[in-house]
Amino acid sequence: MDTYHDCIKSLCKKAPEKRLTAAQAMQHAFVRKFFSPAVPAAPAKKELQEDAGRPSVEARHLARENEILENEKMELVLAKSRKETELFNLTNELEDRVADLKKEQNLLREVQEKLRELQDMEQKQREELGEADPSIRPL
């Protein structure tokens, strides 16, 4: 049988497991007879891009999307930094106000203690005056 008939029959079998694969077909005697390995294969997509001198439409699209995402990422980082600074300033302000509040509370306690002392002194004076002169009544 002719080698080309054998090659065609082997490639056209209905059962996939009996059919020649591409690698097997390349090794078939008929194909090897006419296949010249010296002929370079078609250049890969990347090689075509390099030869053309500019990236493909898909590569340019992906580069543009990447640039947009990088810009958005930078904006988010800057916004985060601003919010962190704002939070830091608010935290410092809150700490200052808490310190002021504690000072005010301490002053209030001191004033309340002083008031109690004065009220006690007034009460003692009234009692002394009341014992000395019963006609004087406390207000």
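The values are calculated or read from the model by the stated rules, or taken from the named source; none is laboratory data. Note that the structure is a prediction, hence the values are computed from the model and not measured. Please note: Cβ atoms are built from the backbone with ideal geometry, for glycine as well, and neighbour counts cover all protein chains shown.
Some notes on this structure:
- Of the residues making up the stretch 13-25, those that are within 55 Å of the chain's Cα centre (by Cα), part of a loop (DSSP other than H, G, I, E, B) and not β-branched (V, I, T) are K14, A15, P16, E17, K18, R19, L20.
Per-residue answers, yes or no, for (1) among the basic types (K, R); (2) outside any helix (DSSP H, G or I); (3) modelled with pLDDT of 95 or more:
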position	(1), (2), (3)
P40	no, yes, no
D51	no, no, no
R54	yes, yes, no
R60	yes, no, no
E65	no, no, yes
L90	no, no, yes
L94	no, no, yes
V98	no, no, yes
K103	yes, no, yes
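- Matching residues, the stretch 1-19, being more than 9 Å from F30 (Cβ to Cβ) and surrounded by 11 or more Cβ atoms within 10 Å (Cβ to Cβ): K9, S10, L11, K13, R19
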